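What follows is a short report on a single structure.
The values are calculated or read from the model by the stated rules, or taken from the named source; none is laboratory data. As the structure is a computational prediction, the values presented were derived from the model and not from experiment. All Cβ positions, even for glycine, are placed from backbone atoms using ideal geometry, and neighbour counts span all protein chains on display. Protein only, heavy atoms only, side chains kept; ligands, DNA and RNA dropped before computing areas. Shrake-Rupley method; radii C 1.70, N 1.55, O 1.52, S 1.80 Å.
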Amino acid sequence: MNTREREPRGWGGNAARAAGASARARVANPWDANFDDLLIAKPFETEPPGEEKMKSGNFFGELKRRNVYKVAVAYAIVGWLVVQIATQVFPFLEIPNWVVRLVIVLVAIGFPIALVIAWAFELTPEGIKRTEDVDLSIGRVSKNRTWIYVAALGAMFSIGLFFVGRYSARNTAGAARTELPAKSIAVLPFDNLSRDPDNAYFAEGVQDEILTRLAKVADLKVISRTSTQRFKSSPDNLPQIARQLGVLHILEGSVQKSADQVRVNVQLINAMTDAHLWADTYDRKLTDIFAVESEIAKTIADTLRVKLSGSEKTAMSKTPTANPEAYELYLKGRFFWNKRTGADFYKAIEYFSQAIAKDPNYGLAYVGLADSYLLLGNYGAAAPRDSIPQAKAAVQKALELDATLGAAYATSAKISSEQDFDFQQAFADYERSIQLSPNYANAHHWFAGALTAHARFDRAIAEEKRAVELDPLSLINNTDLGWGHLYARHYDEAIAQFRKTIEMDSHFYLAHYYLGEGLQLKGQLAGAIAEYRTAAELNDDPLVLARLGQAYARTGQRDEAQKILARLTEEAKSRYVQRYSFAVVLIGLGDKEGAIDALEGGYRNREGNDIYTIRVDPLLDDLRGHPRFEALAEKILPAREFGATAK
């Protein structure tokens, strides 16, 4: 601390009276007074020897004498400056809010510590010393006002920063609101507050049901569950998450379930301003959960001033089942379906089947059952000839029970295009699905595949972009956007999109093997082989090995290609291996007849997911013009229909 303000502890006799008179004379005219002099307290009166003590009235004088006041003022100015920087600048740099709060807490904690240090220590020419060790009889009053100027400049700078920050914050928030759709929302995962952690499926189910009801509204952009699941219910960095998802509003919530009682807490937040637009708590019986979900969805629509048609209002308030046990079993089925592995699909099938047993008229349970059987083949868990008939029967039953289920039409369309090769029916069902559930990302995603098969690349890419917009963090949607560019022969755009997906998750094998295909088609076979190998290390999908085998063959490594062909042949004895995989390797080895034999076998086995794009698949280009290949293509997609559907 500065030692210029130190005074003797006590004066006696005439000397004290003379000094007091002198001090009073100095402050008689305030215009002549030194600012430091105004802070000098009345000197301590001398007590009788042996009884020296500080009077309570002179405590404040001692604070001034020890420079505690100056330290307090200086700390307050600097502390406020630090807080302003934290609150105004940190958000602009996207520094998490918890850092801002930590800075404020540390500044507050530091204030009393600074005052204690100012009281106990003095800053002398020899360094910092305890006050008791300093000769306080040596000192003089300084006229130096430097600290005053520093404090004033600091205050002016702080005030300037405050207003600049406020202005910038308003502009930033305004710009964000301009960029993000006003009628847009993401429903973050609901916290499971139940004592039983096994009730996590129920919290996820409530979130999913609210999202599903909102997704039926055409005037509202709703982000799919796939993209929101990686965030916790009440994250610190809402603006950053909102920008990632491309929405202005966030719905947070929690669910607590005990026996047949349910409590649901929700709050709707403007992510850019952190303004809480609406919040509520619902305590209901389990049998009333659908009414709660419907009420929440309608309140959100009203709060965001979303236009609802009559059919949308009806869809939002519909009760899918009156059986609470069937509903819980359905939620468990979706819980496992969302894990997307062969084993989990079988668990999902079990729960969906139990839900149907509880309520045979539960349309959504049939949709879940159909979706599970439909994707078994895609994940190598079943041969399509065994699983697709069951998927088809389940989705047909769902539509018989409820013709307004948008998801059912999307599933039906995927079966029609990829298994029955009935593209006209598929296009009609996709259009109907999007009409009923405009925010259902899977409908746009799957529709893009059927459009690609018809070489309708512009619209296919537009639909895939819409799927990514609705589910921006979905790895499969981002990968398949690149796939659309790949089949359109936009190789540079495809490679860039695959690399972007890998940046999102370097362990997503599908992006690696499609990146390998893009590099191969660009003639960069060394890079392609490296990507295929990476994909093979991440997943033992036969389609990955097939592409690696073709790349080996095209670089002259025929022995390596033959080894992969032998491996696929051996694995086919114990697991499902697509015939398309054999065709891809055989094409690389130059065996066109053998490749066509494999493709014809895939057609007989109804392995449509691999061959429905036969007319545009770049890996099959070597077979084009071959009579047998053209005859097979005609069976899958007649030339008269190719490129003519869904204009």
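With a 1.4 Å probe and all protein chains left in place, how much accessible area per residue does region 563-647 have, in Å²?
43
Would you mind counting up the charge near T314? Only other residues with Cβ under 13 Å from its Cβ, with Lys and Arg at +1 and Asp and Glu at -1.
Surrounding charge for T314 is +3.
Stretch Q240-A279 to full length: gain in nm at 0.36 nm per residue minus the Cα-Cα span?
Separation in residues times 0.36 nm, less the Cα-Cα distance, equals 11.9 nm.
Going from most exposed to least, what order do K221, K307, K339 have by accessible area with a 1.4 Å probe?
K307, K339, K221
Quote to one decimal, in nm, the extra length available between R533 and E179 on full extension: 0.36 nm per residue of separation minus the C-alpha distance between them.
Length difference between fully extended and current span is 123.4 nm.
Starting from the Cα of R499, move 7 Å in the Cα-to-Cβ direction to define the label point; list residues of region 527-545 whose amide nitrogen is under 20 Å from there.
527-535
In region 355-443, what percent of the accessible surface is made up of carbon and sulfur (1.4 Å probe, ligands and nucleic acids excluded)?
46
Around Q390, under 14 Å between beta carbons, what's the net of Lys plus Arg minus Asp minus Glu among the other residues?
+1
Mind scanning K500/K573; K500/K592; K221/K500; K347/K392; K318/K392 and naming the pairs with a C-alpha gap bigger than 27 Å?
Exceeds cut-off: K500/K573; K500/K592.
Please work out the FRET efficiency for the pair K635 and R567, using the Cβ-Cβ distance as r and a Förster radius of 35 Å; give the result to the nearest 0.05.
Plugging the Cβ-Cβ distance into 1/(1 + (r/R0)^6) gives 0.70.
Using the Cβ atoms and a cut-off under 13 Å, what net charge is assigned to the surroundings of L548, where Lys and Arg are +1 and Asp and Glu are -1?
So the environment of L548 carries a net charge of -1.
If r is the Cβ-Cβ distance from E560 to Q524 and R0 is 22 Å, what FRET efficiency results, to the nearest 0.05?
Calculated value: 0.75.
Which of rounded, prolate or oblate describes region 368-486 when judged by the alpha-carbon gyration tensor and an a/c cut-off of 1.5?
Cα axes put region 368-486 in the prolate bin.
In cubic angstrom, how much convex hull volume per residue do the alpha carbon atoms of region 553-647 span?
Per residue, the Cα convex hull of region 553-647 comes to 98 Å³.
Once fully extended, how much extra length lies between S309 and T287, figured as 0.36 nm per residue of separation less the alpha-carbon to alpha-carbon distance?
My answer for the length gained is 5.2 nm.
Go through K257/K358; K232/K307; K307/K465; K285/K339 and tell me which ones have a Cα-Cα distance over 27 Å in this structure.
K232/K307; K285/K339, as the Cα separations exceed 27 Å there.
For Y603, what accessible area in Å² do you get when you roll a 1.4 Å probe over the heavy atoms of the protein chains, rounding to the nearest 10?
50
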